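Inspection log for the structure reproduced underneath, given as structure tokens.
The values are calculated or read from the model by the stated rules, or taken from the named source; none is laboratory data. Computed from a predicted model, the values in this text were never measured in an experiment. Here the Cβ is made from the backbone with ideal geometry for all residues, glycine too, and neighbour counts use every protein chain on show.
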Amino acid sequence: MTGSYDILIVGVGGQGTILASNILGEACLLEGKSVRGAETHGMAQRGGSVETHIRIGGKYGPLISPGTADLIISFDLLEALRYSHFLKEGGTIITNTETIIPTSVFQHDADVPGTDDILNLLSGRGVLTVDAAALALEAGTILTQNVVMLGAASHRIPLAVESLKEAVRRSVPPKTVDTNLKAFDLGRTALE
């Protein structure tokens, strides 16, 4: 047993999974907690799948084994389904419902499952949904969907909200701090 709290952040290249993991890492450093992380983003620039592993408080390597993640934060509903096998029994998936982006795994003429189909396949897996696109637009820009999702997940992350918000301040460009903090708060409120 590693004693870690394991978070898998998944999405598609360009959705901000790496920034989200950097924010979590910064919050851990602010609290003096051990953190290990790793990302895979080989074809991310071409719309490929991206996964980031964050292990808070553990002693061992950064990679999360299938069936052991405490929390999956998914920026894309299709990616939630693709990585659902990483979730442990009793874990939670928090997913954006607005975007379904078929990555290069799907052929252009392939049938991509719809929202209802994916949610049915994920039923019984502790899934919470957030319309991150709408909340990001309310915050001021669609580009803050990743921070909306962190705010939504903040109820399940073993870090203080103040630490997470300070990590947002330190991790985003200075001119976007207010918009990102608003996005975080909107996401947090969405799952209260």
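Among residues of the stretch 133-147 being touching a residue at least 24 places away in the same chain (Cβ under 8 Å) and of a type in the set (Val, Ile, Thr), the one that is nearest to Ile73 (Cα to Cα) is Val147. Within the stretch 82-96, residues that are among the polar types (S, T, N, Q) sit with their Cβ atoms under 8 Å from residues that are surrounded by fewer than 17 Cβ atoms within 10 Å (Cβ to Cβ) and part of a strand (DSSP E or B), at 6+ positions apart or across chains, in these pairs: Thr92/Leu128; Thr95/Leu128.
For the stretch 150-192, name all the residues that are in contact with a strand residue (DSSP E or B) (Cβ under 6 Å, 6 or more places away or on another chain) and either crowded, with 18+ Cβ neighbours inside 10 Å or over 16 Å from Leu71 (Cβ atoms) (or both). Answer for the stretch 150-192, where residues must be in contact with a strand residue (DSSP E or B) (Cβ under 6 Å, 6 or more places away or on another chain) and either crowded, with 18+ Cβ neighbours inside 10 Å or over 16 Å from Leu71 (Cβ atoms) (or both): Ala152, Ala153, Ala190. Counting only helices (runs of 4 or more DSSP H) wholly contained in the stretch 103-192, the ones carrying 3 or more residues that are modelled with pLDDT of 95 or more occupy 132-139, 145-153, 161-171, 177-190.
Checking the structure you have, find out if any residue of the stretch 63-82 is modelled with pLDDT under 85, farther than 26 Å from Glu192 by Cβ and buried (at least 16 other Cβ atoms within 10 Å of the Cβ). No: zero hits.
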